[in-house]
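A.B. asks: There's a structure below that I have some questions on.
The values are calculated or read from the model by the stated rules, or taken from the named source; none is laboratory data. The structure presented is a predicted model; accordingly, all values stated were derived computationally and were not measured. Here Cβ is always computed from backbone atoms with ideal geometry, including for glycine, and neighbour counts include all displayed protein chains. Surface areas here come from the heavy atoms of the whole protein model, side chains and all, with no ligands, DNA or RNA. Shrake-Rupley method; radii C 1.70, N 1.55, O 1.52, S 1.80 Å.
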Amino acid sequence: MSYVQGFLIPVPIDKKDAYRDLAAQSAPIFQEYGATRIVETWSETTPDGKVTDFKRAVKATPDEAVVFSWIEWPDKDTCEAAAKRMESDPRWKEMAQMPFDGKRMIWAGFDPIFEVES
């Protein structure tokens, strides 16, 4: 099994193409750092929960969608080494500005405990 970084990001609906473009530009860099899989998904069904939900988790407004994405790494060490490399890689500064409020993005690292494929 691998190591997974998961992300929830509120993105203005009218910035969907800009977000996808930024993801497409970023993906090869993450792969160069060692990522084995990158998945970006755009919310279609985000029901309101009774206590919390995806929208409330990132304080999404009615004009925002929630992006649920993840990056798979061979292991936690590769992920952490990539994070260090990102700090000094000038390519990040050359990219367009993030089309979302990064302060409301949430992320975490996960160690898979069960997996099944068909």
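A.B. asks: Within the stretch 64-104, count every residue that is assigned to a loop (DSSP other than H, G, I, E, B) and more than 20 Å from Arg37 (Cα to Cα).
C.D. replies: So the answer is 9.
A.B. asks: Do we find that Ala96 is at pLDDT 95 or above, of a type in the set (A, V, I, L, M) and either under 21 Å from Gln25 (Cβ atoms) or exposed (fewer than 10 other Cβ atoms within 10 Å of the Cβ) (or both) in this structure?
C.D. replies: No, not satisfied.
A.B. asks: Specify the residue that is most open to solvent (accessible area, probe 1.4 Å); the eligible residues are those in the stretch 37-70 that are under 26 Å from Pro112 (Cα atoms) and hydroxyl-bearing (Ser, Thr, Tyr).
C.D. replies: Among residues in the stretch 37-70 that are under 26 Å from Pro112 (Cα atoms) and hydroxyl-bearing (Ser, Thr, Tyr), the one most open to solvent (accessible area, probe 1.4 Å) is Thr45.
A.B. asks: Going through the stretch 71-91 one residue at a time, which ones are open to solvent by 60 Å² or more (accessible area, probe 1.4 Å) and either of a type in the set (Asp, Glu) or in contact (Cβ under 8 Å) with a residue 60 or more places away in the chain (or both)?
C.D. replies: Within the stretch 71-91, Pro74, Asp75, Lys76, Asp77, Glu80, Glu87, Arg91 qualify.
A.B. asks: Let me ask another. Give me a count of the residues in the stretch 23-36 that are assigned to a helix (DSSP H, G or I) and open to solvent by less than 40 Å² (accessible area, probe 1.4 Å).
C.D. replies: So the answer is 6.
A.B. asks: Please count how many residues of the stretch 37-63 are part of a loop (DSSP other than H, G, I, E, B) and more than 14 Å from the chain's Cα centre (by Cα).
C.D. replies: 15
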